[in-house]
1. Specify the residue that is least open to solvent (accessible area, probe 1.4 Å); the eligible residues are those in the stretch 270-285 that are in a loop (DSSP other than H, G, I, E, B) and over 15 Å from Gln231 (Cβ atoms).
2. Quick one: in the stretch 40-70, which of the residues that are of a type in the set (Phe, Trp, Tyr) and touching a residue at least 40 places away in the same chain (Cβ under 8 Å) is farthest from Pro84 (Cα to Cα)?
3. Could you tell me which of the residues Asn54, Asn29 is part of a loop (DSSP other than H, G, I, E, B), polar (S, T, N, Q) and open to solvent by 60 Å² or more (accessible area, probe 1.4 Å)?
4. Consider Tyr167 against the criteria (1) open to solvent by less than 50 Å² (accessible area, probe 1.4 Å); (2) out of contact with any Asp or Glu (no Cβ under 7 Å at 6 or more places or on another chain); (3) farther than 30 Å from Asp228 by Cα; (4) not aliphatic (A, V, I, L, M): it satisfies all of them except one. Which criterion is unmet?
5. Suppose we keep only residues that are at pLDDT 95 or above and among the basic types (Lys, Arg) within the stretch 124-164. Which one would you say is least open to solvent (accessible area, probe 1.4 Å)?
6. Mind listing whichever residues of the stretch 246-290 are more than 26 Å from Gly200 (Cβ to Cβ) and touching a residue at least 40 places away in the same chain (Cβ under 8 Å)?
7. For the stretch 117-134, state whether one or more residues are within 30 Å of Gly236 (Cβ to Cβ) and over 32 Å from the mean Cα position of the chain (by Cα).
Amino acid sequence: MQKIVLMFCAIALTFIVAEDLKPWTTKLNNLTTFEKHVLIDKGTERAFSGKYVNTKEDGTYKCKVCDSPLYMSSDKFDSHCGWPSFDDAIPGAIKEVPDADGRRTEIVCANCGAHMGHVFRGEGLTSKNVRHCVNSVSLNFQKKKSPVSTFKKAYFAGGCFWGVEYYLEQIDGVKEVTSGFMGGHLKNPGYYDVIQKNTGHIETVEVVYDPAKVSYKTLAKTFFEIHDPTQTDGQGPDIGSQYLSAIFVSNQEERQTIERLIKVLEGKGFKVATTVMPKAPFYSAEAYHQDYYERKGSKPYCHRRIKRF
């Protein structure tokens, strides 16, 4: 009796160890009948029927069974054969096994042995002269995640956008400043639409900045110092509703920052005319308005830095 118990324990231990060594084996039970036909019985899906035949997105192709990375999207090419084609595999990911009849060479996942397809050489389709012809059903595609942008955007209007753009672009941590329009009712306005003063837009700049290098507060303080926030009819010689002083905020935190700065200025005797409004659709101005002073090699005629904080 003791021998029988020991025998059953040994068998159980063998299965446990096997499962530990190959945790993916349980996934075989979840495969569809057709997936088993291809991956286990070495079948082939119909040409041009697979979901990854025309996939062009960046990412990694993995084994359907064990999830091992097999191919990179950068090695995928259009061979017009009807199956996903790769001219290279991730090193060590694919094993080649000659067919029993010696006519073709099978390719399998080096980790679990699942059938992928066949490899062909000498066709001259790419510079590597290799084609891994793979069944879509043998693969899972993991799309490359887009990098999360750490940059933020801020919107300031202080008269002619040329001058505001000029000064804000000089701040360390600012990636880009674009001159444009915001706050009006006309979609996709052009410069000559806005200067007629009936679209409701204000000349505004969009500031793309890295919050790890420069704070929104610093941008706002600079804005209040490069134009006259007390002027109510425009900025300098530029008179009209399109030249008014305004800040378009994206959230409550930005609004509170601006309100605190305005209180500081008012405490110093400035009668601030700057309007604080919610962010609206931003429309870039024409190309000839971008980086105007940089291209001209001159400085703004209606903006200058005056310390106020």
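1. Ala285
2. If we take residues in the stretch 40-70 being of a type in the set (Phe, Trp, Tyr) and touching a residue at least 40 places away in the same chain (Cβ under 8 Å), then Tyr61 is farthest from Pro84 (Cα to Cα).
3. Only one candidate passes the filter, namely Asn54.
4. The number of the failed condition is (3).
5. Applying the filter and picking the extreme gives Arg131.
6. Val264, Leu265, Lys268, Phe270
7. no
The values are calculated or read from the model by the stated rules, or taken from the named source; none is laboratory data. Everything quoted here is computed from the prediction, not taken from an experiment. Virtual Cβ from ideal backbone geometry, glycine too; neighbours counted across all protein chains shown. SASA here: full protein model, heavy atoms, side chains in, ligands and nucleic acids out. Shrake-Rupley method; radii C 1.70, N 1.55, O 1.52, S 1.80 Å.
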